[in-house]
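Asks: Handing you a structure now.
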Amino acid sequence: MSKTKKPRTRFICQQCAQESQKWFGRCPSCQAWGTLVEESAPAVTPGAGGGAAFGAIGASRPQRMIDVKGADVPRAPIGISELDRVLGGGLVPGSLILVGGDPGIGKSTLLLQAADHIARQGQPVLYVTGEESARQTRMRFDRVNATAEALWLMAETALERIEAEVETLNPAVLIIDSIQTLFTQGIESAPGSVSQLRAVTARLMALAKGREIATFLVGHVTKDGAIAGPRVLEHMVDTVLYFEGQRGHAFRVLRAVKNRFGSTDEIGAFEMQGSGLAEVTNPSALFLAERAHNTSGSVVAGSFEGTRPLLVEVQALVSPSVYGTPRRTTIGVDSNRVALLLAVLEKKAGLDIAGSDVFLNVAGGLRLDEPAVDLAVVAALASSHIDRPVDARTVVFGEVGLGGEIRAVVGAQARVAEARQLGFERVVLPANDRAQLTETEGVQLIGVRHVGEALDALF
Ligand code: TYD
Ligand code: MG
């Protein structure tokens with residue numbers, strides 16, 4: 001009965017993994033241009049693919065929910081607390097963690113240091129590099145002073161060889177740097193293609209779950225900052241971390257965008273130094289270190305990242321527009337939000353600002369997403385517009401509504417405490433938050449209800 005089948009090919013969008021029989025210049029699904037690539041279909045064996053991975057997890061019968069173990073997953077702290085925090089308190093055995101970030105940001109360095117910390121606890125760690133030679137990696141080990149005996153290195157890109165070595169070494173932690181360089185012989189497409197990424201990740205998942213090996217996958221990012229390859233990759237793994245920072249700045253932020261074993265609100269702060277990444281335990285101080293005092297347009301916002309309050313400098317430059325359409329450039333804050341706040345300033349605080357060029361920036365390359373930074377943005381815009389500095393010892397926070405009203409935010413007390421700890425003397429905050437707080441020694445609390453009132457208090 002056996003017939004030799006013609007090898008079938010199909011076209012797969014490298015961005016969204018949509019398959020089609022025909023080639024299109026533009027992906028019919030995600031509308032991206034030029035992303036369809038011809039890949040040969042894998043030899044299909046019934047039950048292969050997803051089945052293999054789930055089989056390894058343990059195809060199980062239903063159990064009563066209350067009998068299922070799991071409320072507290074065991075975690076092994078790595079010993080780098082900024083990393084442990086982002087992971088949700090430590091490394092969960094058998095979990096798959098994808099680490100994305102721009103080239104040169106420090107992904108390999110971070111994972112090497114993590115590997116060294118784990119290996120020092122006596123647990124074998126296998127670091128697989130497909131990007132550099134063993135010698136190059138060794139030089140980096142020396143640089144970050146990674147000398148643990150239980151740390152193993154392998155320069156390899158063939159998945160089958162890696163699997164074989166994992167069988168013999170049986171490491172507690174496996175690090176793959178990077179997932180885009182790996183390939184499996186079963187599939188003809190090039191390393192990094194959707195078919196390869198999917199197959200390789202599924203196999204690594206089976207390995208991780210089957211042998212309870214915590215596995216880190218380094219993922220490259222595309223021009224627009226997403227992890228190269230389809231979202232599929234992000235769906236398959238347990239945790240997705242992004243390592244971010246600005247070029248030319250030593251400051252790095254590790255952020256969880258997905259975490260099956262913890263919150264996605266936490267960030268870890270690091271600084272790239274000559275001997276690897278150093279933890280930054282007081283990010284506020286670092287963010288404010290380069291602040292220029294008594295310049296207009298600069299305001300310290302009392303923000304929050306995860307469970308930690310964070311003080312950041314918001315900078316604005318407002319100048320009369322020479323063109324018909326004013327320019328608007330914002331970095332670190334949503335531009336729609338800024339447009340809204342400009343409209344509020346114009347309409348509710350009587351500032352003639354709508355026709356001006358506006359540039360807004362969050363110092364240190366941080367991104368602020370919470371509405372509590374509204375008032376700081378408003379203060380920075382107004383300060384630059386009227387060219388009067390906000391007192392340098394003042395911290396500002398509060399959400400601004402369309403009516404110009406200042407709304408209460410969460411964590412007011414922690415924000416005030418952070419301001420106090422860093423030596424600030426005055427906090428301008430929502431009146432409702434102010435009412436809940438008792439006057440703290442050394443810090444004057446000014447509750448405001450409206451943008452106009454806030455500007456009066458600040459200038
Ligand atoms: P790397 O970890 O290779 O980045 P990625 O894996 O994300 O591509 O980091 C490389 C950069 O970090 C490189 O520009 C050199 C710098 N670096 C230091 O400044 N100090 C160090 O100790 C190390 C190891 C790297
Ligand atoms: Mg690297």
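The values are calculated or read from the model by the stated rules, or taken from the named source; none is laboratory data. Because the structure is predicted, anything quoted here is derived from the model rather than measured. Every residue, glycine among them, receives a Cβ derived from its backbone with ideal geometry; neighbour counts consider all protein chains shown.
Asks: Given the residues Gly411, Gly447, Gly404, which is the only one that is at pLDDT 90 or above and touching a His at 6+ places or on another chain (Cβ under 6 Å)?
Replies: Gly404
Asks: Part of a loop (DSSP other than H, G, I, E, B) and touching a residue at least 12 places away in the same chain (Cβ under 8 Å): does that describe Thr295?
Replies: Answer is yes for this residue.
Asks: Related question: Could you list, in sequence order, all residues of the range 114-136 that are within 13 Å of ligand 2 (Cβ to nearest atom), of a type in the set (S, T, N, Q) and either within 18 Å of Gly79 (Cα to Cα) or touching a helix residue (DSSP H, G or I) at 6+ places or on another chain (Cβ under 8 Å) (or both)?
Replies: The answer is Thr129, and nothing else.
Asks: Any residue that is away from ligand 1 (no atom under 16 Å from the Cβ) and either under 30 Å from Cys27 (Cα atoms) or modelled with pLDDT of 90 or more (or both) - is there at least one of those in the range 238-252?
Replies: Yes.
Asks: May I ask you to list pairs of residues, at least six apart or on different chains, whose Cβ atoms are under 6 Å apart, with the first in the range 98-124 being in contact (Cβ under 8 Å) with a residue 24 or more places away in the chain and under 19 Å from Thr264 (Cβ atoms) and the second being near ligand 1 (Cβ under 9 Å from one of its atoms) and in a helix (DSSP H, G or I)?
Replies: Once the first residue is in contact (Cβ under 8 Å) with a residue 24 or more places away in the chain and under 19 Å from Thr264 (Cβ atoms) and sits in the range 98-124, its partners that are near ligand 1 (Cβ under 9 Å from one of its atoms) and in a helix (DSSP H, G or I) give Val99/Lys107; Gly101/Lys107.
Asks: Which of the residues spanning the range 78-122 are surrounded by fewer than 16 Cβ atoms within 10 Å (Cβ to Cβ) and farther than 17 Å from Leu217 by Cβ? Can you show your working first?
Replies: Kept after step one, since they are surrounded by fewer than 16 Cβ atoms within 10 Å (Cβ to Cβ), are these residues of the range 78-122: 79, 81, 103-104, 121-122.
The answer is Gly79, Ser81, Gly104, Gln121, Gly122.
Asks: Can you name the strands (runs of 3 or more DSSP E) wholly within the range 368-459 that have at least 1 residues being of a type in the set (Val, Ile, Thr), under 28 Å from the mean Cα position of the chain (by Cα) and buried (at least 24 other Cβ atoms within 10 Å of the Cβ)? Step through it out loud before you land on a result.
Replies: Values: elements: 394-396, 426-430, 444-448.
Hits in the range 368-459: 394-396.
Asks: Name the residue that is nearest to Glu163 (Cα to Cα), counting only residues in the range 186-203 that are out of contact with any strand residue (DSSP E or B) (no Cβ under 6 Å at 6 or more places or on another chain) and part of a helix (DSSP H, G or I).
Replies: That would be Arg203.
Asks: Only one of Arg291, Arg260 is assigned by TED's automatic domain parsing to the domain that holds Val410 and among the charged types (D, E, K, R); which?
Replies: That would be Arg291, the only listed residue that is assigned by TED's automatic domain parsing to the domain that holds Val410 and among the charged types (D, E, K, R).
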